[in-house]
Structures are given as C-alpha cells and as structure tokens.
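Scroll down for the structure; my scribbles are underneath it.
The values are calculated or read from the model by the stated rules, or taken from the named source; none is laboratory data. Since we're looking at a predicted model, the values are computed, not measured. For neighbour counting, all protein chains shown are included, and Cβ atoms are generated from backbone atoms with ideal geometry for every residue, glycine included.
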Amino acid sequence: MDEAKLYWTIIVAVVSAGWVVTAFVRDRISQSVERTSVIVNRLMDGDKLLIDNPDVQKYLSQNAAREEDYFRRQAVLEDELFYKAKAYVYRQLNMFDEILSISARTGSGWSFLKPPALTELSDWETYIKVKLGHPLCRSILNNEQHIFGESLRNFWDANRDEIQSIPADPFIW
C-alpha cells in the first residue's frame, strides 16, 4: 500500500512539474509576442506622424540621395523642415535602440532567467539597416552617436560599412 502511494505521488509530481513548465513556456511566448506588439505599435505611431506630416516624408525622400555631410552644413539650419525631419529620425533611432537593447538582454540561447525575446529579430535588424541607410541617419550616427544607447552604437559600428555601401532608397520614407 505504501508503494502505491509513493508511485502515485511521483506520478502527480511529474505531471505537475510538466504542467508548470508548459505554462511557463506558454507565458514566455505570450510575453515575447506582447513585447513585439508594443514595438510594432510604436512603429505604427511613427507612421502616423508621417501621414499627419507628409512634408517630413517628402523632405526625407527628396534628400535620400544627398551626401551625409549635407545635413551638417550651416545652410540646412535655415530650413524648418530639417528640424521636423531630424526630430522624426531621432524618434526612430531611439526606437531602434530600444529594439536592439531588448534583443541584447534576451540574447541567443534559452534561459529561464532572461526576459523573453522579440519575435523575428533578424527581420527587425534588416529593417533597421534599411532605415539607417538614409544620409540623415548616417549623419546623426557618425556625429552624435554618443546620445544613444550602447546597443544602437554597437549595431551601427558592426554594420556601418554594409549600411553605407547601399544607396538610400527614396521610396522607403
């Protein structure tokens, strides 16, 4: 009789442990999707800014073929639209820094102690590289990167040559 109780106790403990692990994994996946959703919502808010301010989008598109030093000239400081575009780009760079910071904390590999990762990180990195190709982004990152977090600075340093080798597409803005 005592053996039967022991076996049932072991079976219940194993099933309970399995249930706890399953619930934990499900919750982490849910948290990962939720984190990604928050970032996507911020991205959509940025798109709304462009929709509400088509002049900013037009400015960025029209200046996509310029050299990055154009955005460091004294004459550009006379253009009010430059300030709106730069504020928009700062907002984007801060969002990219957050994405990269979250991915750096979650890292590769699986651990119960790390926060859940963002979904489709490689797609985010590709998106970031494309957006950083704009000469205004490059100008900011080459001259003002100290105001951003370590994650964005490291990403820029690691991918700078690749990003700068591809001309900016004026139609992505």
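Tabulated data
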quantity	calculated
Subset of region 55-102 that is closer than 27 Å to ARG35 by Cα and acidic (Asp, Glu) - its residue that is modelled with the lowest pLDDT	GLU98
Neighbours by Cβ (under 8 Å, 6+ apart or cross-chain): first from region 11-23, surrounded by 10 or more Cβ atoms within 10 Å (Cβ to Cβ); second not hydroxyl-bearing (Ser, Thr, Tyr)	none
Residues satisfying the stated conditions in region 137-162, i.e. within 13 Å of GLU125 (Cα to Cα) and under 16 Å from the mean Cα position of the chain (by Cα)	SER151, LEU152, ASN154, PHE155, TRP156, ALA158, ASN159
Matching residues, region 135-170, being free of Cβ contacts under 8 Å to residues at least 12 places away in the same chain and small (Gly, Ala, Ser)	ALA158, SER165
Residues located in region 1-54, provided they are touching a Leu at 6+ places or on another chain (Cβ under 6 Å) and either modelled with pLDDT of 80 or more or not in a helix (DSSP H, G or I) (or both)	none
Output for region 53-79, where each listed residue is among the acidic types (Asp, Glu) and touching a residue at least 24 places away in the same chain (Cβ under 8 Å)	ASP55, GLU67, GLU68, ASP69
Subset of region 103-153 that is closer than 19 Å to GLU34 by Cβ and modelled with pLDDT of 80 or more - its residue that is surrounded by the fewest Cβ atoms within 10 Å (Cβ to Cβ)	ASP123
Among residues of region 32-54, those that are among the basic types (Lys, Arg) and within 28 Å of TYR83 (Cβ to Cβ), counted	2
